[in-house]
Amino acid sequence: MKTILRWLLDLWLRFARTIDWPLLGALVALMAIGLAVLHSASGKNMAMVTSQASRFVIGLGAMWVLSRIPAVQLRRFTPLAYAASLLPLIAVLFLGTGRSGQHWINLGVFYVQPAELMKLSLPMMAAWWLGQRPTPPRLDTLAVAAAIIGLPTGLILMQPDLGTAVLVASAGVFALYLAGLSWWWFIGGAASLAVIAPAAWLWYLQPYQKARIMMFLDPESDPLGEGWNIIQSKIAIGAGGIGGQGWGDGSQSHLNYVPEHTTDFIFAVLSEEFGWIGVAITLGLYLFIVGRCLWIASEARDGFSRLLVGSLGLALFVYVIVNGGMISGLLPVVGVPMPLLSFGGTAAVSLLAGFGVVMAVQASARRRR
């Protein structure tokens, strides 16, 4: 009996040693909120809720495994992880499936979205390259970093998946920002995008993407067609008021007015049923996680760790802003899920795995003190 207890205690100490408990607590709270809202949004579909919960368990397992890997080992295997993530991005162009492009690979038992893997491996690679070079980055360093960011971003754009491409690229851009790149480079990049925007409108954007942009500018011009999604989402948000209509009592959601109410627009369901109080609590959890990541980045002992954790935290901030802006009509609809709330497996597992890397960096910093 004593041997078993000693083994269990040793197992617990190994588990607890690398876990950042405040960060884990906020993540678990978000997952609980996500499952509660999914239960309501799906019409009490327990199969869907159980499926999402199982993905959370897989993600937490990946988080724990990665949290036990020393940061120096993560840095060593980063180029391999980046290259391995590029392969499915290429494969999906030939084997992929999707309603508006080739975004998913059917593995028989489940679907995988290869672009989600890049949300972790790209900032790792950008941090690997920038972290071992002088700051601010010189022109040659910047050119290689641009290639590291541009290659997977271009492959995702070819699917086409503009929303995910923007989010993946943002993590790499944040690594450049944290590496001390001058603001003039970012201003120049924004100006370049503005110059090529007309060409992208004519030759790259798909008809449905152009329609989304036009409806963002004036959704009331086609209230029963392309403008339906934004209008109904805004009605659901406004209907929530301060305290919400109650769990499971959102009329817009349960009468199927809100589109994609278990995936991209699930935050509208939360807003309607839990009101501004629920929204404030949820956004507060996201802000806490971002702040915790930035604090861990500030405590990191090397450039790779600092850039990686900082870019992962800031990238999460962008994910939340884009989805929140999308469902409230402040940004065009680009098909971006709300982290840990929207139904989806690859996104949840890759996000939680990313926080395992964050915890690995903190554990490494602790060992060096």
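The values are calculated or read from the model by the stated rules, or taken from the named source; none is laboratory data. Just so we're clear, the structure is a prediction, and the values are computed from it rather than from any experiment. Here Cβ is always computed from backbone atoms with ideal geometry, including for glycine, and neighbour counts include all displayed protein chains. To get the accessible areas, we keep the full protein, side chains included, count just its heavy atoms, and leave off ligands, DNA and RNA. Shrake-Rupley method; radii C 1.70, N 1.55, O 1.52, S 1.80 Å.
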*Is it the case that some residue within segment 48-60 is at pLDDT 90 or above, in a helix (DSSP H, G or I), open to solvent by 70 Å² or more (accessible area, probe 1.4 Å) and of a type in the set (Phe, Trp, Tyr)?*
no
*Enumerate the helices (runs of 4 or more DSSP H) found wholly within segment 141-258, keeping only those where 1 or more residues are under 30 Å from Ser85 (Cα atoms) and free of Cβ contacts under 8 Å to residues at least 60 places away in the same chain.*
162-178, 183-203, 207-217
*Which of the residues belonging to segment 283-304 are free of Cβ contacts under 8 Å to residues at least 24 places away in the same chain and touching a helix residue (DSSP H, G or I) at 6+ places or on another chain (Cβ under 6 Å)?*
Leu294
*Regarding Ala115, is this residue under 21 Å from Pro332 (Cβ atoms), without any contact (Cβ under 8 Å) to a residue 60 or more places away in the chain and touching an Asp or Glu at 6+ places or on another chain (Cβ under 8 Å)?*
yes
*Could you figure out which of (1) among the hydrophobic types (A, V, I, L, M, F, W, C); (2) closer than 24 Å to Met326 by Cα; (3) in contact with a helix residue (DSSP H, G or I) (Cβ under 9 Å, 6 or more places away or on another chain) isn't true of Leu181?*
(2)
*For segment 73-84, indicate whether the set of residues that are open to solvent by 30 Å² or more (accessible area, probe 1.4 Å), at pLDDT below 90 and among the aliphatic types (A, V, I, L, M) is non-empty.*
no
*Among the listed residues Ile196, Ile156, Ile213, which satisfies the condition of being open to solvent by less than 20 Å² (accessible area, probe 1.4 Å) and farther than 20 Å from Leu294 by Cα?*
Ile156
*Does Val318 satisfy being in contact with a His (Cβ under 6 Å, 6 or more places away or on another chain), closer than 30 Å to Pro207 by Cβ and in contact (Cβ under 8 Å) with a residue 40 or more places away in the chain?*
no
*So Arg68 fits all but one of (1) open to solvent by less than 60 Å² (accessible area, probe 1.4 Å); (2) in contact with a Ser or Thr (Cβ under 7 Å, 6 or more places away or on another chain); (3) closer than 30 Å to Ala365 by Cβ; what number is the exception?*
(1)
